[in-house]
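K.L.:
What follows is a single structure, and I will ask about it in a moment.
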Amino acid sequence: MALTPMMQQYLEIKEKYKDCILFFRLGDFYEMFFEDAEIASKELEIALTGRDCGLNKRAPMCGVPYHSAESYIARLIEKGYKVAICEQVEDPRQAKGLVKREITRIITPGTVIESSMLNEKVNNYIVCVFNNHDTISISICDVSTGDFFVTSFKNEKNKLLDELSKYVPSELLLINYQVTNELQEQIDVIKNRFNCLINLVDFSTDYDILEKYKYDCLTDNEKISAARLLDYLTETQKSSLGHIAFIKRYNVSDYMILDSFTRKNLELTETIRTRSKKGTLIDVLDKTLTAMGGRLLRKWVEEPLMSIEEINKRLDVVEEFIDNIYVSSDLREFLKNIYDIERILGKISCENANARDLNALKQSIAMLPSIKVAISNCKSQLLKDIYSDFDTLEDIYKLIDSAIDENPPTTLKEGGIIKKGYNAEVDKLRDAMLNGKKWILELEQKEREITGIKSLKIGYNKVFGYYIEVTKANLNLVPKDRYIRKQTLANTERFITPELKEIEETILGAEAKIVEIEYDLFVEIRNKIYSQVSRIKKVAQYLAIIDVLLSFAKVSFENNYVKPQITNDGAIEIKDGRHPVVEKMISGVFVPNDTLLDLKDNMIIIITGPNMAGKSTYLRQVALITLLAQVGCFVPAKSARISIVDRIFTRIGASDDLSLGQSTFMVEMTEVSNILKNATKNSLIILDEVGRGTSTYDGLSIAWSVIEYINNRIGAKTLFATHYHELTELEGKIRGVKNYCISVKEHGEDIIFLRKIVRGGADQSYGIQVAKLAGLPEEVIKKAKEILAKLEENDINKSKNNTVVKEIASTSVEINLFNYKENEIIEELKNVDVLNITPLEAMNILYNLVNKAKKLG
Ligand code: ADP
Ligand code: MG
C-alpha cells in the first residue's frame, strides 16, 4: 500500500512545519490531518472524521470552511498554537495532475495582523532575546503597526523581565546561545505571566537582512537580535514588511526605569486583583479617540521621560489644548473619523489589505487638511513642529478616490472593486456584461413569441450555464431543429440554442476577465500606496501624539489637574495631591494631602497610622503624581514641583501582596535587596509595610536598618509606611528622617478616619478599633481588649511580654482548645454504629480515639 499523491504532498509540507497546525486547502475547505486533526477537533470542538490516505487505515481529518477560517485560526492562536496556511497556488482547473500547494503564511500569536484577533488599543509585540556574556540585546516589533525597537542592557537579575514588562509580548524568540539558568528562569516567568509563546531560534551572525531597512546605529549584538526577528517575521508573513519604516534604538535609561513589581503595584495598565483595565491609571487617562492614540498613550505611561525639555514640550501642548477649547474640541471631532492607519499600513505591507481598508485610509486622509488647519495657529513647540512637517497626503487620497468603488466587497476575487471611469477596459467589459443580461431578457421574450410557450424561461446554473426551460406540457411546441436538449427534470426539460451560448460567452467571459483585471488594478494601487508607506506612517504617528495630548488635556481639565513644574533640584513638593484613581472610585470626598521630599532634611518620610488610614493610598499617590508629571500630563494636585526621578521602586510588605504564590517573606526581601542595590539618589523609593512578613522584632529590625542604609549609602527620597510605630524613634536620630502620620479621631470607643497626613508619629495602632469597624463579634473585641490591656501593663520587653502571653494563654486559650478536642472525641463516639461494625473496625476506632485522648495530655 502506498500513500495517495495528495497525502504525500501533505506530509512533505508538514515535515517542514512540524511546530504548526497545518491548514491544508482542499477546495472550499482547510483540512487538517493526523495529529493536527486530533488537536484541532478538540480545541475547536469540530467533528473528527477520516480520509482514505492510501494506507490501510484512514487518516484522522477535520476541516473548516475557508471563508470562516479566521475565527477558527484566532481560537488556535489564543490557545498558543501556530497555524501554517497552505494554499492551492494554481488554478485546479488548469493543473496537470496534483494541484500545486504552498505555505502562504504562518500565523502566530506575535505575528497576527487581522483586526479581529487584535485588541485595537493595545500593541501586540513579539521580541527576540539574545544574550552574549553579560549583555542582553532585545528587539521588539509590533508587526501589525510596523513599530520596531532595539535596546541592550546588562544581564542582571530580572532585568529582562523588567524591560519586557512594559511590552507584555505575546511571543518571544530566544536565540539559542548562552541561555543561562537565570535567563531561563526569567523566560519561564515571562511565559506564564504574559501568556507568551516561546520559540527557540538558532544562533547566527548573518545580519544581511537588516540592509533592507533603515536603522539607527546598532551594536553587533543588537544586529544579531534584530536580524533573527526580521528573519522570523519574513518567514511567517512571506512578505517584505516595508511598513517597518525604521528600526529605532533606545537606551533603557532614556526613560524612567520601572521594574515589574513597581509596574504591577502602581496598577498602571492592569489591576493586581483582576488584571483588568478598570481601576488603573490608564483607564483614568484614556480619552483617546483613535486606536493609534490609545496604543501610544499606553506606551507613554509605560515609558515616563527623563528629559525636562521633552516633558515640557508635552505639558505645553496639554496647556494649550486646555486653554484653547475651540481648537481642542474641533480636533476631537476630526479625530473621531480617523481609522487605525498604522494597522491598515501593516495590512497593505503584508499584502493583506482589501478595498475597504483602502477606503478607510481614504476617509482618514480626508480629515488631514482640517486637522492641519486646526493646529496652524498653535504656539507650543511640539505642535509647531508637527504642523510644519504635516503631510496631508492629497495624492494618496486622489488615487484611492479615483480608483476604488465606494462600496466594495471584502474579497478581492469577485470584482466590484474598481470605480467607474478609472479604467477603460473595466468599463467596457462591465457594459458587455450589462448588455449581455439585457440580451438574455430580450431573447427570452423573443423565444416565447416564436414558440408560443408563455411559461418559457431562461435560467442559469453553474454546471450548464444559461439554458431555456420548458415545462413537460409544452414540449410539443419546442422547435426541434434549433433547440438542443441538455437536461431532463421531473416536470421540465432544459435546452440550449447556439444564440444563447453566444451571449453566454460574452457575459461569462467578461465576468472572468473583469475579476482578473480588477484584481490586478487593485494590487497595482495597493503597491503604489505601499511605496508611500513611510510618509503615511509619519502622519499616523503625529495623529497619535495629538490624540494622546488631547486626551491628557481633557482628563486634566475635567479632573482639575494642574501643570507640574519640572525641575532637577531633587525635591518633590506637592500641595493638595490626590490619588488619580482612588479619587474616582470612592463614593465620598477624597481628602487631598501635601508632600515634601528633598535630598536633605526631608529625605525619608516615615508614615504611621492604623490600618485603613490611607497610608498605601498616599504612597502610591506620590508615585503616580511623579510618574504622570514625567509622562507629560497634568497632575491631580493644587500645585506640584517635581524633580526628575530616574526610577521609582515600590515594595509592598509580603502580607499586602495579593498576587498569587508570591507572598513569601523571601520574595519581599529579594525585592528590598534589589532596591538597595539599584537605587540612586535620584530615585523615588516607596516601601509599604516592609518587614511585615516576619515576626515583629525581626521586621522592626530590618525596617530600621534598611532606613539607615538608604540614608547613609543611597540618599534617595523614600516614603516608608509602617504600622511599627517604634520606627518613629528614628526622627532626630537620623538626619533626613521625618515622621508623619495619618490622623484619626477617637470618638468614644470608636475611631474616625480623617485621611489627613500630619507631622508626628502615631502613638498607637488602633488595631482593635479597626477590627470592630470591620464587624468582628462583640465578644472577640471584648476579649482582645482584655488581652491588650494585660500586655500593655508590661513594658515593651520581649521576655516579660512572653510571660504575659503564656499567662494569658494558659488561662484561656488552651482550655478552650482542650474543650474543643474533647468534644470532638465525644462526637466521634456517639457516631459509632456498634451493631454494624466488624471487630476489626471497632479496634481501629478505639485505637484512634485513644491516640487523640493521649494527645490532649
Ligand atoms: P492603609 O494602607 O493605611 O491600610 P489604604 O491606603 O489602603 O490604608 O486606604 C484604605 C481606604 O481608605 C482606601 O481604600 C480608600 O477608600 C480610603 N482612602 C485612602 N486615602 C483616602 C483619602 N485621602 N481620602 C479619602 N479616602 C481615602
Ligand atoms: Mg496599606
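K.L.:
Mind checking which strands (runs of 3 or more DSSP E) fall wholly inside segment 1-109 and carry at least 2 residues that are on the phi > 0 side of the Ramachandran plot and touching a helix residue (DSSP H, G or I) at 6+ places or on another chain (Cβ under 8 Å)?
P.N.:
On the way: elements: 20-26, 29-33, 49-51, 59-65, 82-88, 101-107.
By residue number, no strands (runs of 3 or more DSSP E) qualify.
K.L.:
Answer with yes or no whether E524 is in contact with a Phe, Trp or Tyr (Cβ under 8 Å, 6 or more places away or on another chain), more than 16 Å from ligand 2 (Cβ to nearest atom) and part of a helix (DSSP H, G or I).
P.N.:
Working: in contact with a Phe, Trp or Tyr (Cβ under 8 Å, 6 or more places away or on another chain): no; more than 16 Å from ligand 2 (Cβ to nearest atom): yes; part of a helix (DSSP H, G or I): yes.
Judged against the criteria, E524 is not a match.
K.L.:
Tell me whether segment 316-326 contains one or more residues that are over 30 Å from Q630 (Cβ atoms) and among the hydrophobic types (A, V, I, L, M, F, W, C). So that I can check it myself, show each step before the final result.
P.N.:
Residues of segment 316-326 that are over 30 Å from Q630 (Cβ atoms), as a first pass: none.
Within segment 316-326, not a single residue is over 30 Å from Q630 (Cβ atoms) and among the hydrophobic types (A, V, I, L, M, F, W, C).
K.L.:
Being at negative phi, away from ligand 2 (no atom under 16 Å from the Cβ) and in the same structural domain as M292 (by TED's automatic domain parsing): is that true of I604 here? Steps first, answer last, please.
P.N.:
Numbers: at negative phi: yes; away from ligand 2 (no atom under 16 Å from the Cβ): yes; in the same structural domain as M292 (by TED's automatic domain parsing): no.
Here the answer is no, as I604 does not meet what is asked.
K.L.:
Still on this structure, I have one more. List pairs: first residue in segment 680-701 and within 12 Å of L727 (Cβ to Cβ) and at pLDDT 85 or above, second residue within 16 Å of ligand 1 (Cβ to nearest atom) and charged (D, E, K, R) anywhere in the structure, Cβ distance under 7 angstrom, at least six positions apart or on different chains.
P.N.:
Partner pairs satisfying both residue conditions: L687/R651; E689/D656.
K.L.:
Can you name every residue in segment 671-698 that is more than 16 Å from ligand 1 (Cβ to nearest atom), more than 23 Å from E156 (Cβ to Cβ) and not polar (S, T, N, Q)? Outline the logic, then answer.
P.N.:
Going through segment 671-698, the residues more than 16 Å from ligand 1 (Cβ to nearest atom) turn out to be 671-685, 694-698.
Next, from what is left, pick out any that are more than 23 Å from E156 (Cβ to Cβ): 694-698.
Passing the criteria: Y697, D698.
K.L.:
Here's another thing I want to ask about it. Is segment 739-759 home to any residue that is within 13 Å of ligand 1 (Cβ to nearest atom) and over 42 Å from the mean Cα position of the chain (by Cα)? Lay out the reasoning, then the answer.
P.N.:
The initial filter retains those residues of segment 739-759 that are within 13 Å of ligand 1 (Cβ to nearest atom), namely 740-744, 751-758.
So of that shortlist, the ones also over 42 Å from the mean Cα position of the chain (by Cα) come out as 751.
The answer is yes; a qualifying residue exists.
K.L.:
For segment 80-114, name all the residues that are surrounded by 17 or more Cβ atoms within 10 Å (Cβ to Cβ), small (G, A, S) and closer than 30 Å to S276 by Cβ.
P.N.:
G110
K.L.:
Return the total of residues in segment 412-453 being within 17 Å of Y467 (Cα to Cα), aliphatic (A, V, I, L, M) and free of Cβ contacts under 8 Å to residues at least 60 places away in the same chain.
P.N.:
So the count comes out to 3.
Conditions (1) more than 20 Å from T262 (Cα to Cα); (2) in the same structural domain as R298 (by TED's automatic domain parsing); (3) away from ligand 2 (no atom under 15 Å from the Cβ), marked per residue:
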| position | (1), (2), (3) |
| --- | --- |
| V591 | yes, no, yes |
| D594 | yes, no, yes |
| K600 | yes, no, yes |
| G609 | yes, no, no |
| T617 | no, no, no |
| A623 | no, no, no |
| A637 | yes, no, yes |
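K.L.:
If you take the residues in segment 580-628 that are in contact with a Lys or Arg (Cβ under 6 Å, 6 or more places away or on another chain) and within 13 Å of ligand 1 (Cβ to nearest atom), which one is farthest from K745 (Cα to Cα)?
P.N.:
D594
K.L.:
Identify, please: which residue in segment 545-573 is touching a helix residue (DSSP H, G or I) at 6+ places or on another chain (Cβ under 6 Å) and among the aliphatic types (A, V, I, L, M) and is, among those, nearest to ligand 2 (Cβ to nearest atom)?
P.N.:
The residue in question is V555.
K.L.:
For segment 244-295, enumerate the residues that are basic (K, R) and either at pLDDT 90 or above or within 21 Å of I625 (Cα to Cα) (or both).
P.N.:
K248, R249, R263, K264, K277, K278, K287, R295
K.L.:
With the condition kept exactly as written, say whether any residue in segment 716-727 is modelled with pLDDT under 90, surrounded by 14 or more Cβ atoms within 10 Å (Cβ to Cβ), within 16 Å of ligand 2 (Cβ to nearest atom) and within 39 Å of the chain's Cα centre (by Cα).
P.N.:
yes
K.L.:
Any residue that is polar (S, T, N, Q), within 24 Å of the chain's Cα centre (by Cα) and in a strand (DSSP E or B) - is there at least one of those in segment 227-247? Before you say what the answer is, go through the steps one by one.
P.N.:
Going residue by residue through segment 227-247, those that are polar (S, T, N, Q) are 234, 236-237, 239-240.
Within this subset, residues satisfying the condition of being within 24 Å of the chain's Cα centre (by Cα) are 234, 236-237.
Next, from what is left, pick out any that are in a strand (DSSP E or B): none.
For segment 227-247, residues polar (S, T, N, Q), within 24 Å of the chain's Cα centre (by Cα) and in a strand (DSSP E or B): absent.
K.L.:
Looking at (1) farther than 15 Å from I140 by Cβ; (2) hydroxyl-bearing (S, T, Y); (3) surrounded by 15 or more Cβ atoms within 10 Å (Cβ to Cβ), which is the only condition S240 fails?
P.N.:
Condition not satisfied by S240: (3).
K.L.:
Sticking with this structure for a sec: Just to be sure, is Y483 surrounded by 15 or more Cβ atoms within 10 Å (Cβ to Cβ), over 49 Å from the mean Cα position of the chain (by Cα) and at pLDDT 90 or above? Reasoning before the result, please.
P.N.:
Numbers: surrounded by 15 or more Cβ atoms within 10 Å (Cβ to Cβ): yes; over 49 Å from the mean Cα position of the chain (by Cα): yes; at pLDDT 90 or above: yes.
Taking the combined requirement at face value, the residue satisfies it.
K.L.:
Can you name the number of the only condition in (1) among the small types (G, A, S); (2) closer than 25 Å to C141 by Cα; (3) buried (at least 21 other Cβ atoms within 10 Å of the Cβ) that A355 fails?
P.N.:
(2)
K.L.:
Moving to a separate point now. Search segment 142-180 for residues being under 14 Å from C128 (Cα atoms) and among the small types (G, A, S), and hand back the single one that is surrounded by the fewest Cβ atoms within 10 Å (Cβ to Cβ).
P.N.:
S152
K.L.:
Still on this structure, I have one more. Check segment 116-128 and report whether any residue there is touching a residue at least 40 places away in the same chain (Cβ under 8 Å), over 12 Å from the mean Cα position of the chain (by Cα) and over 30 Å from R105 (Cα atoms).
P.N.:
Checking segment 116-128: not a single residue is touching a residue at least 40 places away in the same chain (Cβ under 8 Å), over 12 Å from the mean Cα position of the chain (by Cα) and over 30 Å from R105 (Cα atoms).
The values are calculated or read from the model by the stated rules, or taken from the named source; none is laboratory data. Everything numeric in this text was worked out from a predicted model, so none of it was measured. Please note: Cβ atoms are built from the backbone with ideal geometry, for glycine as well, and neighbour counts cover all protein chains shown.
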